[in-house]
Amino acid sequence: ERKDRQKARLMWLVEKYGVAEFKQAVINEINSYDRGVTVSDAQPLPTEPFERRELMGVHKQPQEGKSRVGVLIPSGRLSATECREIADLADAYSGGEIRLTVEQNFILPNVDDGKVNALLKEKALNGARLKANPGFIEGNTVSCTGAQFCGLALVETKANAELIAKKLEDLVTVDRPIRIHWTGCPNSCGQVQVADIGIMGGPARKLNEETGKMMAVPGCKIFVGGRIGEDAHLALEPYKEGVPLAEESLIPELVEILKNEFGATDKTMRKRDKLKKLVGLA
């Protein structure tokens, strides 16, 4: 349904046809090409345990003397300057080749082992955003387009996702990657139901201290426990609803979830950092 953007999604087409009818229509289309393709009800079950590869950082390739280097793009958003910097890195270290990941990051493949250290020292990878060694939280944060450029989103996601991930990295330590997905509306382009923690834009109310009344504010639903792989699971029911997006409301909720559900611990702060925080320099 191209005339109504709200309905221009595959899920509405399946609903219109019905699952069985939609499946048969797809099979009929495939058979019409007469290429001998057989359609089965399901793909063969895996015989080996699923192990998700780590994509961030430096990893040896099967090819002798070559490595791949995965780099974080916070919330999947790049400036024009950063695009040029990435292109320059690819020209210098990976033969002009760049590979994109479904987590909205990028990989420079086929980097000579002898050039890896030089690549990691590049100014572009040691600034405020692009990183080859991100933390377990910020390195696994995914976000949909959000309200800035999508008329369907109820909240801004990308800026919030980047900011909240940084704050969480400063507050807690986790011992494994924690996938946090953001989506601005129930269409779930950010796939919150498969994330360890999913944040979906939604209504919320917060006390206005001046008027003493509850007022509508940008908010979210939080989903917990989604999984991918051979034991995939969709977290379809919200863990919490009506949580305001303001840092002072959302961050404590996420910290509590990280501690209770994922074994996070408070980050130990160095004395130097404590002093900076006390005098307002941190």
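Whether any residue in the range 79-92 is open to solvent by 70 Å² or more (accessible area, probe 1.4 Å) and in contact with a strand residue (DSSP E or B) (Cβ under 9 Å, 6 or more places away or on another chain) is what I want to check. Walk me through how you get there before you give the answer.
Quick first cut of the range 79-92, residues open to solvent by 70 Å² or more (accessible area, probe 1.4 Å) only: 80-81, 84, 88, 91.
Adding the requirement that they be in contact with a strand residue (DSSP E or B) (Cβ under 9 Å, 6 or more places away or on another chain) leaves none.
For the range 79-92, residues open to solvent by 70 Å² or more (accessible area, probe 1.4 Å) and in contact with a strand residue (DSSP E or B) (Cβ under 9 Å, 6 or more places away or on another chain): absent.
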> So ALA128 fits all but one of (1) of a type outside the set (S, T, N, Q); (2) open to solvent by 70 Å² or more (accessible area, probe 1.4 Å); (3) modelled with pLDDT of 95 or more; what number is the exception?
Replying inline: (3)
> Does the range 200-217 contain any residue that is surrounded by 24 or more Cβ atoms within 10 Å (Cβ to Cβ) and out of contact with any Pro (no Cβ under 9 Å at 6 or more places or on another chain)?
Replying inline: no
>> On the basis of being open to solvent by 30 Å² or more (accessible area, probe 1.4 Å) and under 12 Å from SER75 (Cα atoms), does ASN160 make the cut?
In response: yes
>> Only one of ILE180, ILE251 is surrounded by fewer than 18 Cβ atoms within 10 Å (Cβ to Cβ), of a type in the set (A, V, I, L, M) and touching a residue at least 24 places away in the same chain (Cβ under 8 Å). Can you tell me which?
In response: ILE251
> Which one of these is out of contact with any Phe, Trp or Tyr (no Cβ under 8 Å at 6 or more places or on another chain) and in a strand (DSSP E or B): ARG68, ARG53, ARG84, ARG35?
Replying inline: ARG68
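Identify, from the list THR173, THR145, the residue that is under 22 Å from ARG52 (Cβ atoms), open to solvent by 30 Å² or more (accessible area, probe 1.4 Å) and hydroxyl-bearing (Ser, Thr, Tyr). Please lay out each step first, then the result.
On the way: THR145 fails: under 22 Å from ARG52 (Cβ atoms).
Exactly one residue qualifies, and that residue is THR173.
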> Before we move on, is ARG179 among the basic types (Lys, Arg) and at pLDDT 95 or above?
Replying inline: yes
>> Out of the residues in the range 2-26 meeting the condition of being of a type in the set (Val, Ile, Thr) and open to solvent by less than 100 Å² (accessible area, probe 1.4 Å), tell me which one is farthest from the chain's Cα centre (by Cα).
In response: VAL26
> Can you name the condition, by its number, that ALA232 falls short on among (1) among the hydrophobic types (A, V, I, L, M, F, W, C); (2) open to solvent by less than 30 Å² (accessible area, probe 1.4 Å); (3) closer than 28 Å to ASN133 by Cα?
Replying inline: (2)
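Return the residues of the range 61-89 that are polar (S, T, N, Q), touching a residue at least 40 places away in the same chain (Cβ under 8 Å) and farther than 24 Å from ILE137 by Cβ; say none if nothing qualifies. Lay out the reasoning, then the answer.
First pass over the range 61-89, keeping only residues polar (S, T, N, Q): 61, 63, 67, 75, 79, 81.
Those still in the list that are touching a residue at least 40 places away in the same chain (Cβ under 8 Å) too: 61, 63, 67, 75.
GLN61, GLN63, SER67, listed by residue number.
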>> Suppose the filter is surrounded by 12 or more Cβ atoms within 10 Å (Cβ to Cβ), among the aliphatic types (A, V, I, L, M) and more than 16 Å from SER143 (Cα to Cα); does VAL192 pass it?
In response: no
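Could you please let me know if VAL111 is farther than 30 Å from PRO203 by Cβ and surrounded by 18 or more Cβ atoms within 10 Å (Cβ to Cβ)? Steps first, please.
Values: farther than 30 Å from PRO203 by Cβ: yes; surrounded by 18 or more Cβ atoms within 10 Å (Cβ to Cβ): yes.
Judged against the criteria, VAL111 is a match.
The values are calculated or read from the model by the stated rules, or taken from the named source; none is laboratory data. In this text the structure is predicted, and so the values were computed from the model without any measurement. Here Cβ is always computed from backbone atoms with ideal geometry, including for glycine, and neighbour counts include all displayed protein chains. Just so you know, the surface numbers come from the protein's heavy atoms only, side chains and all, with ligands and any DNA or RNA stripped out. Shrake-Rupley method; radii C 1.70, N 1.55, O 1.52, S 1.80 Å.
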